[in-house]
Amino acid sequence: MTVACVSGRRTVEVLAGLGLRTVLIDDEISAELAWLADVAVEADLDDWDAVERALSEVHRRSPLSAVLSTRDSYVRLAAFLAARLGVRGLALPAALNCRDKARFRRVLQSAGLPAPRWAQPSRVEEAVSAAGRLGYPVVVKPREGAGAAGVRYCRGADEVSSAAGELTAGGKQVLVEEYVEGPELAVQAVTVDRRTEVVNVLLQHVGPPPRFAELGYDFPSGLTAREEQAARDLAEATLSALGFDNGASHIQLRMGPAGPVVIEVNPRPPGGRLSYLTEVVSGLDLVRAAIEATLGGPVTRTAPVASCALYRCVTFSESGVVSYRPEVEQNELPPLEGPLPPLVEMDVSPGDLVLPLDDPEGGVYGRVLVFGNDRAQTERDHQAILEALQLRVDPIPARLAATAAAQGR
């Protein structure tokens, strides 16, 4: 079998490991990736016609079995190419439904699925009026895209006007949505020929508004059996309504006062270390599962190694110079109780400048992921790692830190 992958190093590595003939298509391809792929095609990924011509020539010489991408930016392109070449892939309507948030909301509304109330204003003043009708607080977001880019939590008309103004000034269309109070959930699923299996449900920890930064995840979710089943059922119904037929997906829900509601569907495996977490606790490598599902299955599963996981991001509450013991990151760990080594990653080095979580330029500076067979044990191991790291910030004025950090970039 020959599979075409639109960008994505990890996907190419897994395809090669599966022994599948791999065609990589990207704007620029390093010598290392070109060596790993069987065929490397460089093309402007913003020019879909040019990409189609290039891939059609490859397909003519050696027929493709499927086209896929595990990157948000290129899921629609991969679905378009699969449709044009008549090979397996994610259905193009499903890819469009997931990426276009207005289209996404209309599909859910037509299917009668629980989701935030919403409006699509065409001008800033209409956004303010819509927010007033929906009731504050609201969320203002761009119509196109995925994830939290451009998403703003707004408490009043001035904040809505500012958020909508920034989006429209950048040439983007705007959505205004009701803000749903409640815990956030991350649901992983694999679908083969429109038959969906929910792999797991995670409780997601997020920071305070307006940024809602990712702070971590818990498995199991801590929901009641009835709540978790409702989340699973809603995830399956949502994918069905969207026409999602093949691949892995990452679905964001909120457990509102009346039950779960759908926030977003990302038509690809989760990013960061969530795929690794899922492999440990559920026995599925989600990138491999996405490939196998796209090809029609079966999906490979192994025995879970742990029944509990705690994932926490490293953030700071003040500006300053960070210090910690890097040898802990390099696996010089204290005695732990978990069944396998933890993952400890820092994105900064001792002596680097860091900013607080609530700073527009701040955010996540690392992550700790521990596994076990009960929640109390994972919490003890996490605390032991933090104590061994000896994380500390020597404060400096926020403005000085922000200026220095910007110069460092």
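Tell me, yes or no, whether region 248-269 has at least one residue that is surrounded by 20 or more Cβ atoms within 10 Å (Cβ to Cβ), among the small types (Gly, Ala, Ser) and not in a helix (DSSP H, G or I). Within region 248-269, one or more residues are surrounded by 20 or more Cβ atoms within 10 Å (Cβ to Cβ), among the small types (Gly, Ala, Ser) and not in a helix (DSSP H, G or I). Does any residue in region 204-221 that is in a strand (DSSP E or B) come within less than 6 Å, Cβ to Cβ, of a residue that is of a type in the set (Gly, Ala, Ser) and modelled with pLDDT under 90 six or more places away or on a different chain, and which pairs are these? Once the first residue is in a strand (DSSP E or B) and sits in region 204-221, its partners that are of a type in the set (Gly, Ala, Ser) and modelled with pLDDT under 90 give Leu215/Gly207.
Any residue in region 225-233 that is part of a loop (DSSP other than H, G, I, E, B) and surrounded by fewer than 23 Cβ atoms within 10 Å (Cβ to Cβ)?
So in region 225-233, the residues part of a loop (DSSP other than H, G, I, E, B) come out as none.
No, region 225-233 contains no residue that is part of a loop (DSSP other than H, G, I, E, B) and surrounded by fewer than 23 Cβ atoms within 10 Å (Cβ to Cβ).
Could you list, in sequence order, all residues of region 31-62 that are of a type in the set (S, T, N, Q) and modelled with pLDDT of 95 or more? Across region 31-62, the qualifying residue is only Ser56. Here's a check for you: in region 249-273, which residue that is among the aliphatic types (A, V, I, L, M) and in contact with a Ser or Thr (Cβ under 8 Å, 6 or more places away or on another chain) is nearest to Pro183 (Cα to Cα)? If we take residues in region 249-273 being among the aliphatic types (A, V, I, L, M) and in contact with a Ser or Thr (Cβ under 8 Å, 6 or more places away or on another chain), then Val262 is nearest to Pro183 (Cα to Cα). Restricting region 249-298 to residues that are within 26 Å of Val151 (Cα to Cα) and of a type in the set (Gly, Ala, Ser) leaves a set whose member that is farthest from the chain's Cα centre (by Cα) is Ala258. Is it true that Arg10 is modelled with pLDDT under 95 and either polar (S, T, N, Q) or not assigned by TED's automatic domain parsing to the domain that holds Pro269 (or both)? Criteria met by Arg10.
For region 21-32, filtering for residues that are touching a residue at least 12 places away in the same chain (Cβ under 8 Å) and either surrounded by fewer than 18 Cβ atoms within 10 Å (Cβ to Cβ) or under 15 Å from Leu85 (Cβ atoms) (or both) leaves 5. With respect to the conditions (1) under 28 Å from His250 (Cβ atoms); (2) surrounded by fewer than 21 Cβ atoms within 10 Å (Cβ to Cβ); (3) out of contact with any Leu (no Cβ under 6 Å at 6 or more places or on another chain), Arg133 falls short on a single one, namely (1). For region 305-314, the condition holds for at least one residue, the condition being that it is in contact (Cβ under 8 Å) with a residue 60 or more places away in the chain, under 20 Å from Leu215 (Cα atoms) and among the small types (Gly, Ala, Ser). A Cβ distance below 6 Å, combined with a sequence gap of six or more or placement on separate chains, defines the contacts here; from region 34-54, residues that are part of a loop (DSSP other than H, G, I, E, B) reach residues that are of a type in the set (D, E, K, R) in the pairs Asp38/Arg21; Leu45/Asp27.
Residues that are at pLDDT 95 or above and in contact with a strand residue (DSSP E or B) (Cβ under 6 Å, 6 or more places away or on another chain) number at least 2 in the following helices (runs of 4 or more DSSP H) confined to region 279-390: 286-294, 375-389.
For region 81-96, does any single residue satisfy the condition of being in contact (Cβ under 8 Å) with a residue 40 or more places away in the chain, of a type outside the set (A, V, I, L, M, F, W, C) and either over 25 Å from Arg268 (Cβ atoms) or part of a helix (DSSP H, G or I) (or both)? Checked region 81-96: at least one residue is in contact (Cβ under 8 Å) with a residue 40 or more places away in the chain, of a type outside the set (A, V, I, L, M, F, W, C) and either over 25 Å from Arg268 (Cβ atoms) or part of a helix (DSSP H, G or I) (or both).
Scanning region 55-78 for residues that are within 27 Å of the chain's Cα centre (by Cα), of a type outside the set (A, V, I, L, M, F, W, C) and either assigned to a helix (DSSP H, G or I) or buried (at least 23 other Cβ atoms within 10 Å of the Cβ) (or both) yields a total of 6. Condition check: more than 19 Å from Arg10 (Cα to Cα), charged (D, E, K, R) and at pLDDT 95 or above. Does Asp233 satisfy that? The answer is yes for Asp233. If you go through region 179-196 and keep only what is in contact (Cβ under 8 Å) with a residue 60 or more places away in the chain and either part of a loop (DSSP other than H, G, I, E, B) or surrounded by fewer than 20 Cβ atoms within 10 Å (Cβ to Cβ) (or both), you end up with Tyr179, Val180, Glu181, Gly182, Pro183, Glu184, Val192, Asp193. When region 147-173 is limited to residues that are within 21 Å of the chain's Cα centre (by Cα) and aliphatic (A, V, I, L, M), the one that is surrounded by the most Cβ atoms within 10 Å (Cβ to Cβ) turns out to be Val151.
The values are calculated or read from the model by the stated rules, or taken from the named source; none is laboratory data. Everything quoted here is computed from the prediction, not taken from an experiment. Positions of Cβ are backbone-derived with ideal geometry, glycine not excepted, and every protein chain shown enters the neighbour counts.
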